[in-house]
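The values are calculated or read from the model by the stated rules, or taken from the named source; none is laboratory data. Not measured: the values here are computed from a predicted model. Cβ placement follows ideal geometry from the backbone for every residue including glycine, while neighbour counts extend to all protein chains displayed. Each accessible area value is taken on the protein alone, full model and side chains, heavy atoms only, with ligands, DNA and RNA left out. Shrake-Rupley method; radii C 1.70, N 1.55, O 1.52, S 1.80 Å.
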Amino acid sequence: IWLPEGVSSLPGRVELWPFQRDIADAIGDPLIERVTLVKPVRVGFTTLLSGALASYVANDPAPILALLPTEADARDYMVSDLEPIFASSPALDGLLAAGEDRNTLLSRRFPGGSLKVVAAKAPRNLRRHNVRVLLIDEADGMEVGPEGSPIRLAERRTLSFADRKIVLGSTPVFEATSHV
């Protein structure tokens, strides 16, 4: 993938740091069902998630759910990260076009799959979706609500897929309540 100016302080083709390669390999390994990352700030995890998402869209289409703490986070991720990355990467350009029939800002269809970028704050966002790929960023920013943990609700959306992939990462906030 290509990171345009404004998405990264180092625009251009993504070059992984050595410590990121093992994480990316685990995310891409079909035999590994779940990847959980306890991470410091600014380690490039969101870029790894974006790369994984792009790989699924381009190479292994599937129903995908990206879960972020708030609606503002979901909108910002789509507008500030995903759309520019897809527009600037020749192999991805046009695959997540917003103008297509039935596409919205946070819900896109592409050949063989779909993408929903949703906020954990509203449990209704986690209903009606069956997904094979679940990508969760900043899990410790997600609060348990009346319907339970939004992460558990999202994980249930993957149960009908034997080849599901769950990728979860967060900077821990409180050890006793951390999801990672």
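Cβ-Cβ distances below 7 Å connect the following pairs, each with a first residue in the stretch 24-42 that is farther than 19 Å from E138 by Cβ, a second residue that is open to solvent by 80 Å² or more (accessible area, probe 1.4 Å), and a separation of six or more residues or different chains: P30/D163. Kindly indicate whether L134 is in contact with a strand residue (DSSP E or B) (Cβ under 6 Å, 6 or more places away or on another chain), more than 26 Å from T171 (Cα to Cα), open to solvent by less than 50 Å² (accessible area, probe 1.4 Å) and of a type in the set (A, V, I, L, M, F, W, C). No; evaluated as a whole, the condition is false for this residue. For the stretch 106-121, which residues satisfy the criterion of being out of contact with any Pro (no Cβ under 6 Å at 6 or more places or on another chain), assigned to a loop (DSSP other than H, G, I, E, B) and open to solvent by less than 20 Å² (accessible area, probe 1.4 Å)? Passing the criteria: none in range. Restricting the stretch 1-15 to residues that are in contact with a helix residue (DSSP H, G or I) (Cβ under 7 Å, 6 or more places away or on another chain) and aliphatic (A, V, I, L, M) leaves a set whose member that is modelled with the lowest pLDDT is V7.
Scan the stretch 92-101 and give yes if some residue there is touching a strand residue (DSSP E or B) at 6+ places or on another chain (Cβ under 9 Å), open to solvent by 60 Å² or more (accessible area, probe 1.4 Å) and in contact (Cβ under 8 Å) with a residue 24 or more places away in the chain, otherwise no. No, because not a single residue in the stretch 92-101 is touching a strand residue (DSSP E or B) at 6+ places or on another chain (Cβ under 9 Å), open to solvent by 60 Å² or more (accessible area, probe 1.4 Å) and in contact (Cβ under 8 Å) with a residue 24 or more places away in the chain. Inside the stretch 46-86, residues that are β-branched (V, I, T) and without any contact (Cβ under 8 Å) to a residue 40 or more places away in the chain make up a count of 1.
Results for (1) within 18 Å of the chain's Cα centre (by Cα); (2) open to solvent by less than 30 Å² (accessible area, probe 1.4 Å); (3) modelled with pLDDT under 90, shown as yes or no for each residue.
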position	(1), (2), (3)
W17	no, no, yes
R21	yes, no, no
E33	yes, no, no
V38	yes, no, yes
T46	yes, no, yes
A52	yes, yes, no
S55	yes, no, no
A58	yes, no, no
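Of the listed requirements (1) more than 22 Å from T171 (Cβ to Cβ); (2) at pLDDT 85 or above; (3) among the small types (G, A, S), A72 misses just one: (1).
Where the second residue is modelled with pLDDT under 70 and the first is open to solvent by 40 Å² or more (accessible area, probe 1.4 Å) and lies in the stretch 163-180, which pairs have Cβ atoms under 8 Å and are six or more apart or on separate chains? Cβ pairs passing all conditions: P172/S178; P172/V180.
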